[in-house]
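To start, the structure under review is shown below, and the notes come after it.
Just so it is clear, none of the values below were taken in a lab; they were calculated from the coordinates. Bear in mind that the values here come from a model prediction, so they are computed numbers and not experimental data. All Cβ positions, glycine included, derive from the backbone under ideal geometry; neighbour counts span all protein chains shown.
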Amino acid sequence: MVGTVGVPGSGGQVSHAHNLFEAAAAYVSAYAEDDQERLDEAAGWVSPEALSFGVNELASRAVVVLARERHKPPQDVARALLGLPAAS
């Protein structure tokens, strides 16, 4: 399940458990801001496989949104974001 669940913390309180999309958002934004501490923290919230899936999903959604805004095909937007020449 992808949803967020509460986990017992110290003193019987319920602490927040992060889902893979929260982890991906935090990880990518920390990477963009070159914040190693936040990057490491977000990487520990979920398994490496879940984080990879979340980052891929975030990238896909971002490219789709940008493509719609720019009225361009997603492939062109993805290549431009990576500094690659337009596909022929």
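Farthest toward the dipole's positive end in the range 30-70, which of 48, 36, 58, given Cβ charges of +1 (Lys, Arg) and -1 (Asp, Glu) about the Cα centre?
Most positive-ward Cα: 58.
Rounded to whole Hz and in sequence order, give me ³J(HN,Hα) for the range 32-49 from the Karplus expression 6.51 cos²θ - 1.76 cosθ + 1.60, θ = phi - 60°, writing x for Gly and Pro.
5, 8, 6, 10, 4, 4, 5, 4, 5, 4, 4, 5, x, 6, 9, 5, x, 5
For the range 21-26, what does the Karplus curve 6.51 cos²θ - 1.76 cosθ + 1.60, with θ = phi - 60°, yield as ³J(HN,Hα) per residue in whole Hz, taken in order and with x for Gly and Pro?
So the Karplus estimates, Gly and Pro as x, are 6, 4, 4, 5, 4, 5 Hz.
If you plug each phi of the range 72-79 into the Karplus form 6.51 cos²θ - 1.76 cosθ + 1.60 with θ = phi - 60°, what whole-Hz ³J(HN,Hα) values come out, in order, with x for Gly and Pro?
The phi angles translate into 10, x, x, 4, 5, 5, 4, 5 Hz.
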